[in-house]
1. I'd like the carbon and sulfur percentage of the solvent accessible area for the range 101-143, probe radius 1.4 Å, heavy atoms only, ligands and nucleic acids excluded.
2. Name all residues of the range 1-36 having a backbone nitrogen under 12 Å from the label point set 7 Å from the Cα of Gln43 along its Cα→Cβ direction, giving them as ranges.
3. Lys pairs in the chain, Cα-Cα under 23 Å, at least 8 apart or on separate chains: how many?
4. Which value in nm describes the separation of the simple spin-label points at Ala50 and Asn27, placed 7 Å from the Cα toward the beta carbon?
5. Filter the DSSP H helices in the chain by two things, a Kyte-Doolittle mean of at least 0.5 and an axial alpha-carbon span of 15 angstrom or more, and list the hits by number.
6. Could you do me a favour and compute the accessible area per residue for the range 19-141, 1.4 Å probe, result in Å²?
7. Pull up the DSSP beta bridges for the chain and report the antiparallel fraction as a percent, rounded to 5.
8. With label points built 7 Å along Cα→Cβ from the Cα atoms of Ala163 and Asn120, find their separation and express it in nm.
Amino acid sequence: APGLDVPDAPGAGPLAAGEGHAIVLSNGKTLDADTKGYIAAAQKKPDGTADPTFHVAAVGGGAVAATGYVKRNPLMGADRYATAVAVAKQFAADMPVTQFGVATGMQLADALTGGAYMANAGQPLILTDPNSLSPADVPLLGTMHNQISAISLFGGPAAIKQAVMDQIARAVGGVEK
């Protein structure tokens, strides 16, 4: 994930944790020598041969540009919200999703703590604008509404306004509790 554009990393955390992988950060559109070395070493089995199961999933435009050899679909969107949705879709393709975490894409603290909580729960985190549900979130929540049993919101009423909570409830066909 890009280390200079941090909002992409918190959403990547639950996916990486669920698959037992690490998150490394790019320096914008490049990888520093230590990160390249870590990736190169991770691609090998203990006996030094190539590990065919190893893959890099780049999250966010900077990381996609930095890796240059992505073996999975690049996980990026037009903005931080669409990138988080791309990660959540990959999560759903790899693992069962029964709940979502939602944090504002404007306050890093809420997304970091929410991402850690959702990683522990084995479920994805998406981001939203504090005043209006991100347009990228609506179709994702709508298509997955039959399998969602809970949505956890991270941050207080200044972080996610009541109108956004109402939009989330409508998107999944549920009621706010």
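The values are calculated or read from the model by the stated rules, or taken from the named source; none is laboratory data. All figures in this text were calculated on a predicted structure; none of them were measured in a lab. Ideal geometry is used to build each Cβ from the backbone, glycine not excepted, and the neighbour counts take in all protein chains shown. Each accessible area value is taken on the protein alone, full model and side chains, heavy atoms only, with ligands, DNA and RNA left out. Shrake-Rupley method; radii C 1.70, N 1.55, O 1.52, S 1.80 Å.
1. Values: 1040 of 1700 Å².
Solvent-exposed carbon and sulfur of the range 101-143 make up 61 percent of the total.
2. Backbone N within reach: 36.
3. 8
4. 2.7 nm
5. Values: long enough: 8-19 (17 Å, -0.03); 80-94 (21 Å, 0.31); 108-121 (19 Å, 0.62).
Flagged H segments are 108-121.
6. Values: 6060 Å² over 123 residues.
On a per-residue basis, 49 Å².
7. Numbers: 2 of 13 bridges.
DSSP beta bridges in the chain are roughly 15 percent antiparallel.
8. In this crude label model, Ala163 to Asn120 measures out at 3.3 nm.
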